[in-house]
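Novice: I am attaching a structure below and will ask some questions about it afterwards.
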Amino acid sequence: MMDEWSFGRASMRRLRRAVAYLWAFPATVVGLVFLPLAAPFGAGRVRWHSGVLELHGRAMAWFLKHLVPLAGGASAMTFGHVVIGRDARSLERSRFHERVHVRQYERWGLLFYPAYLSASLWLLIKGGDAYLENPFEREAYDAEASRRNGGA
Ligand SMILES: [Zn+2]
């Protein structure tokens with residue numbers, strides 16, 4: 001049986017989740033642009049997984065391979081609560097990393113884009129690695145590393 005206190009805490013948790021989704025929503029809209037490209041929606045190309053809309057398909061594979069300025073392109077990319085991947089396998093493999101970015105969007109909202117891009121630009125100007133040294137990527141890679149080492 002739920003007493004008033006635990007009911008209050010559960011409500012507060014739901015409210016916080018709702019605010020996180022709303023705050024990240026303008027960034028999520030950018031990801032929703034990819035939704036028609038996942039058609040036909042069969043073969044698991046559109047999937048709701050752990051609170052995130054995951055999309056994959058040939059158009060997304062092409063985008064990630066050719067339009068993401070990384071050597072060899074990216075295997076997946078996060079836009080708010082939307083993650084696009086080249087295929088189901090790349091979504092699976094990158095899930096933990098991309099979920100760190102989802103949490104970053106929940107903190108930064110639409111500001112994630114200018115914050116991420118200006119961090120990369122600053123690193124480029126300084127002669128650093130615009131991707132691996134970007135604080136948003138470092139947080140994601142550090143989380144992956146501590147998970148591998150049995151940490152959080
Ligand atoms: Zn990343």
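Novice: For segment 4-148, what is the percent of antiparallel DSSP beta bridges, rounded to the nearest 5?
Specialist: Beta bridges within segment 4-148, antiparallel portion: roughly 65 percent.
Novice: Considering only protein heavy atoms and a probe of 1.4 Å, how much of the accessible area of segment 4-148 is carbon and sulfur, as a whole percent?
Specialist: Answer for segment 4-148: carbon and sulfur cover 66 percent of the accessible area.
Novice: In deg cm²/dmol and to the nearest 500, what is the mean residue ellipticity at 222 nm of the chain if only DSSP H runs of at least 4 residues count, each as -39500 (n - 2.57), divided by the residue total?
Specialist: My calculation for the chain gives -19500 deg cm²/dmol from helical runs alone.
Novice: Relative to 2.2 N^0.38 Å, what does the C-alpha radius of gyration of segment 4-148 come to as a ratio? Two decimals please.
Specialist: Values: Rg = 16.3 Å, N = 145, 2.2 N^0.38 = 14.6 Å.
That works out to 1.12 for segment 4-148.
Novice: Determine the gain in length on full extension of the stretch residue 65-residue 93; use 0.36 nm per residue of separation and subtract their C-alpha separation, reporting nm with one decimal.
Specialist: 8.4 nm
Novice: Which of the helices in the chain meet the span-like rule: DSSP H, Cα axial reach of 27 Å or more, Kyte-Doolittle mean at least -1.0?
Specialist: Length and hydropathy pass: 4-32.
Novice: May I ask you to give the solvent-accessible area per residue for segment 39-126, in square angstrom, as obtained with a 1.4 angstrom probe?
Specialist: Solvent-accessible surface per residue comes out at 55 Å².
Novice: Here's something else I'd like to know. Any chance you could tell me what percent of the C-alpha pair distances in segment 48-131 go past 16 Å?
Specialist: Of all Cα-Cα pairs in segment 48-131, 56 percent lie more than 16 Å apart.
Novice: Determine, from the Cβ-Cβ distance of residue 15 and residue 142 and an R0 of 30 Å, the FRET efficiency 1/(1 + (r/R0)^6), rounded to the nearest 0.05.
Specialist: Computed FRET efficiency for residue 15 and residue 142 comes out at 0.55.
Novice: Follow-up question, since we're still on this one. Nothing charged except the Cβ atoms of Lys and Arg (+1) and of Asp and Glu (-1): what's the magnitude of the dipole of the chain about its Cα centre? Round to the nearest 20 debye.
Specialist: 300 debye
The values are calculated or read from the model by the stated rules, or taken from the named source; none is laboratory data. Since this is a predicted model, take the numbers as computed values, not measurements. Here the Cβ is made from the backbone with ideal geometry for all residues, glycine too, and neighbour counts use every protein chain on show. What goes into the accessible areas is simple: the full protein's heavy atoms, side chains included, and nothing from ligands, DNA or RNA. Shrake-Rupley method; radii C 1.70, N 1.55, O 1.52, S 1.80 Å.
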